[in-house]
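A.B. asks: Can you read through this structure? Questions will come right after.
The values are calculated or read from the model by the stated rules, or taken from the named source; none is laboratory data. Since the structure is predicted, the reported quantities are computational estimates derived from the model, not experimental observations. Neighbour counts are summed over all protein chains in view; Cβ atoms, including those assigned to glycine, are modelled from backbone coordinates with ideal geometry.
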């Protein structure tokens with residue numbers, strides 16, 4: 001039979017902490033959370049709960065978010081207590097400039113795919129300095145021409 005009473009949030013958070021630290025006790029564990037700017041308030045509260053308690057464990061939490069979306073999101077702004085936790089470090093990753101994006105394209109292609117210069121410039125423009133997006137656009141352009149951006153083993 002299921003209990004009629006809902007779990008207390010603190011109890012749920014404690015169980016999540018026990019689960020992750022139990023994993024980390026067996027082997028170093030990384031919990032990766034992307035696009036934190038879209039997280040709901042409860043998820044952010046859980047993250048703050050974990051961050052306050054993981055010091056001294058073999059659990060690493062990596063959470064990414066887009067700064068341009070933070071100002072519009074009250075939940076993430078209210079989670080700013082995260083930044084005060086001793087176990088939390090912030091690393092800002094700036095967008096690539098156009099020259100860096102071109103270099104990323106040249107390095108990724110490394111002579112393997114024929115993507116015309118006009119398409120490369122379109123990738124630079126559309127990616128707006130986001131390296132992941134630039135790589136995905138480049139991959140699509142190369143595959144459309146029957147090429148690949150994947151490196152072969154030597």
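A.B. asks: Those residues that are surrounded by 12 or more Cβ atoms within 10 Å (Cβ to Cβ) and at positive phi, I need them from region 1-40; list them, please.
C.D. replies: Scanning region 1-40 gives no hits.
A.B. asks: Give me a count of the residues in region 41-51 that are over 16 Å from residue 15 (Cβ atoms) and surrounded by fewer than 17 Cβ atoms within 10 Å (Cβ to Cβ).
C.D. replies: 1
A.B. asks: Sticking with this one: Name the helices (runs of 4 or more DSSP H) wholly inside region 13-125 in which the number of residues that are modelled with pLDDT of 90 or more is 3 or more.
C.D. replies: Working: elements: 41-51, 67-70, 74-78, 98-109.
Counting at least 3 such residues, we get 41-51, 98-109.
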